[in-house]
1. Of all residues in the range 16-50, how many are at negative phi, assigned to a loop (DSSP other than H, G, I, E, B) and open to solvent by less than 60 Å² (accessible area, probe 1.4 Å)?
2. Looking at Tyr73, Tyr160 in this structure, which one is farther than 19 Å from Thr11 by Cα and free of Cβ contacts under 8 Å to residues at least 60 places away in the same chain?
3. Mind checking which residues of the range 162-175 are part of a loop (DSSP other than H, G, I, E, B) and either more than 25 Å from Gln85 (Cα to Cα) or under 17 Å from the mean Cα position of the chain (by Cα) (or both)?
4. Please pick out the residue among Ser113, Ser168, Ser139, Ser118 that is at pLDDT below 95 and closer than 25 Å to Asn14 by Cα.
5. Of the conditions (1) of a type in the set (A, V, I, L, M, F, W, C); (2) buried (at least 17 other Cβ atoms within 10 Å of the Cβ); (3) modelled with pLDDT under 95, Met65 fails just one. Which one is it?
6. Can you name the residue in the range 106-126 that is in a strand (DSSP E or B), more than 12 Å from the chain's Cα centre (by Cα) and not polar (S, T, N, Q) and is also nearest to Ala51 (Cα to Cα) among such residues?
7. Counting only residues that are part of a strand (DSSP E or B) and open to solvent by less than 30 Å² (accessible area, probe 1.4 Å), which one in the range 68-86 is nearest to Asp96 (Cα to Cα)?
8. So which of Ala138, Ala148, Ala159, Ala103 is part of a strand (DSSP E or B) and among the small types (Gly, Ala, Ser)?
Amino acid sequence: DNTYGKNITDTTSNIASSVGAKIAINGDYYGARSSGYVVRNGELLRETKTADSQEDMVLCSDGSMSVVTEGDYTAQQLVDKGAQQVLSFGPGLIVDGSISVTANDEVGQAMASNPRTSIGYIAGNHYVFVVADGRTDASVGLSLLQLAEFLKTLGVTQAYNLDGGGSSTMYYNGR
């Protein structure tokens, strides 16, 4: 309902259909935390830093994507540089063309193979969205390193891990 706040949730498909989106994926689940930069459609909604080392994804008005650390920029500086969307989950998977995670990197308790959601930037308004199933008989999922390696094969130069696990979903053309 175009509302910002803690623990306001809806399904990816409901949100996508309500705005006529052709494609949608789950994001950073900002409402489950009280810190981490939040910018939506160029509007600064939260500027509380998680940590200097926290990696955020920035989508800019020129169509570019980057991975930055909160210690290098304030949220307002990102908006002033043209940030339209800032998501604070992470980590960055590929930064400036190089894989930036190792086999030992994981998100909190989500160790090893899990369902994953990610966004990758190829160049000039060209993105890929990857959602990997997991925790099923058909698929155990991916580690962060496996996800980064797969994205690299697609020609991705910047990639970011979004909230995965049970919330990993992709909506495309009504399904």
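The values are calculated or read from the model by the stated rules, or taken from the named source; none is laboratory data. Computed from a predicted model, the values in this text were never measured in an experiment. Backbone-built Cβ (ideal geometry, glycine too); neighbour counts: all protein chains shown. Keep in mind that these areas ignore ligands, DNA and RNA; they rest on the heavy atoms of the full protein, side chains included. Shrake-Rupley method; radii C 1.70, N 1.55, O 1.52, S 1.80 Å.
1. Looking only at that region, the number is 6.
2. Tyr73
3. Answer for the range 162-175, where residues must be part of a loop (DSSP other than H, G, I, E, B) and either more than 25 Å from Gln85 (Cα to Cα) or under 17 Å from the mean Cα position of the chain (by Cα) (or both): Asp163, Gly164, Ser168, Thr169.
4. Working: Ser113 fails: closer than 25 Å to Asn14 by Cα; Ser139 fails: closer than 25 Å to Asn14 by Cα; Ser118 fails: at pLDDT below 95.
The unique qualifying residue is Ser168.
5. Here Met65 meets the rest and fails (3).
6. Val107
7. The qualifying residue nearest to Asp96 (Cα to Cα) is Val68.
8. Numbers: Ala138 fails: part of a strand (DSSP E or B); Ala148 fails: part of a strand (DSSP E or B); Ala103 fails: part of a strand (DSSP E or B).
It is Ala159.
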